[in-house]
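These notes concern the structure reproduced below.
The values are calculated or read from the model by the stated rules, or taken from the named source; none is laboratory data. Since the structure is predicted, the reported quantities are computational estimates derived from the model, not experimental observations. Heads up, the Cβs are rebuilt from the backbone with ideal geometry, glycines too, and the neighbour counts pull from every protein chain shown.
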Amino acid sequence: MRAFGRLAAATVSAAALFGGLVAIAPAASALPAACTKDTTFPVPLAETVTANVNLRKNPGTGSTSLGILAKGTKFTGHCLTNKGGTNWEYGKVTSGANKGKWGWVAWEYLRD
């Protein structure tokens with residue numbers, strides 16, 4: 001996680017230096033309880049869904065599905081938690097039929 005933090009800091013610095021836009025993370029109070037200060041990313045991660053997958057209300061396969069994210073859907077991750085041996089990422093859908101929805105996606109179905 002430390003290497004990720006250094007990479008994120010370098011990315012933000014480079015974007016600021018070259019005039020790029022930097023996404024602002026939501027306030028910690030806006031994130032679910034599973035997102036602690038130790039599991040929240042220093043900057044949001046722009047990712048892509050690698051296969052059709054459920055967007056979940058809570059981390060875990062037993063949680064309500066908020067919709068299906070199609071392969072190629074864009075997702076911005078804000079934190080990571082582990083539930084039942086699976087890593088789950090919380091974030092916002094930024095493209096596709098579920099654009100604008102917030103929820104949990106199994107980490108194995110996301111790539112940077």
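Go through segment 71-85 and give me each residue that's surrounded by fewer than 17 Cβ atoms within 10 Å (Cβ to Cβ) and under 16 Å from the mean Cα position of the chain (by Cα).
Our first condition is that a residue be surrounded by fewer than 17 Cβ atoms within 10 Å (Cβ to Cβ); within segment 71-85, this holds for 71-72, 74, 82, 84-85.
Across segment 71-85, the qualifying residues are Lys71, Gly72, Lys74, Asn82.
Tell me, yes or no, whether segment 99-109 has at least one residue that is in contact (Cβ under 8 Å) with a residue 12 or more places away in the chain, acidic (Asp, Glu) and either surrounded by 14 or more Cβ atoms within 10 Å (Cβ to Cβ) or part of a strand (DSSP E or B) (or both).
Step one: list which residues in segment 99-109 are in contact (Cβ under 8 Å) with a residue 12 or more places away in the chain, which gives 101-109.
Now restrict to residues that are acidic (Asp, Glu): 108.
Retained after the next criterion (residues that are either surrounded by 14 or more Cβ atoms within 10 Å (Cβ to Cβ) or part of a strand (DSSP E or B) (or both)): none.
No - not one qualifying residue is present in segment 99-109.
Kindly indicate whether any position in segment 56-63 is within 14 Å of Ala34 (Cα to Cα) and either in contact with a His (Cβ under 9 Å, 6 or more places away or on another chain) or among the aliphatic types (A, V, I, L, M) (or both).
No, because not a single residue in segment 56-63 is within 14 Å of Ala34 (Cα to Cα) and either in contact with a His (Cβ under 9 Å, 6 or more places away or on another chain) or among the aliphatic types (A, V, I, L, M) (or both).
Looking only at segment 44-79, count how many residues are assigned to a strand (DSSP E or B), in contact (Cβ under 8 Å) with a residue 60 or more places away in the chain and either over 15 Å from Leu31 (Cβ atoms) or in contact with a Leu (Cβ under 6 Å, 6 or more places away or on another chain) (or both). If you could, list the steps in order and put the result at the bottom.
Initially, segment 44-79 is screened for residues assigned to a strand (DSSP E or B), giving 44-49, 53-56, 65-69, 74-79.
Okay, now just the ones that are also in contact (Cβ under 8 Å) with a residue 60 or more places away in the chain, so 45-49.
Restricting the remaining residues to those that are either over 15 Å from Leu31 (Cβ atoms) or in contact with a Leu (Cβ under 6 Å, 6 or more places away or on another chain) (or both) gives 46-49.
Result for segment 44-79: 4.
Looking at (1) in a loop (DSSP other than H, G, I, E, B); (2) basic (Lys, Arg); (3) modelled with pLDDT under 55, which one does Arg6 not meet, given that it meets all the others?
Unmet for Arg6, out of (1) in a loop (DSSP other than H, G, I, E, B); (2) basic (Lys, Arg); (3) modelled with pLDDT under 55: (1).
Any residue in segment 46-58 that is farther than 20 Å from Leu110 by Cβ, small (Gly, Ala, Ser) and either at pLDDT 75 or above or surrounded by 15 or more Cβ atoms within 10 Å (Cβ to Cβ) (or both)? Steps first, please.
Step one: of segment 46-58, the residues farther than 20 Å from Leu110 by Cβ are none.
No, segment 46-58 contains no residue that is farther than 20 Å from Leu110 by Cβ, small (Gly, Ala, Ser) and either at pLDDT 75 or above or surrounded by 15 or more Cβ atoms within 10 Å (Cβ to Cβ) (or both).
Say whether the condition of being more than 13 Å from the chain's Cα centre (by Cα) and free of Cβ contacts under 8 Å to residues at least 60 places away in the same chain is met by at least one residue in segment 87-94. Break it down stepwise before answering.
Taking segment 87-94 and keeping what is more than 13 Å from the chain's Cα centre (by Cα), we get none.
Looking through segment 87-94, none of the residues is more than 13 Å from the chain's Cα centre (by Cα) and free of Cβ contacts under 8 Å to residues at least 60 places away in the same chain.
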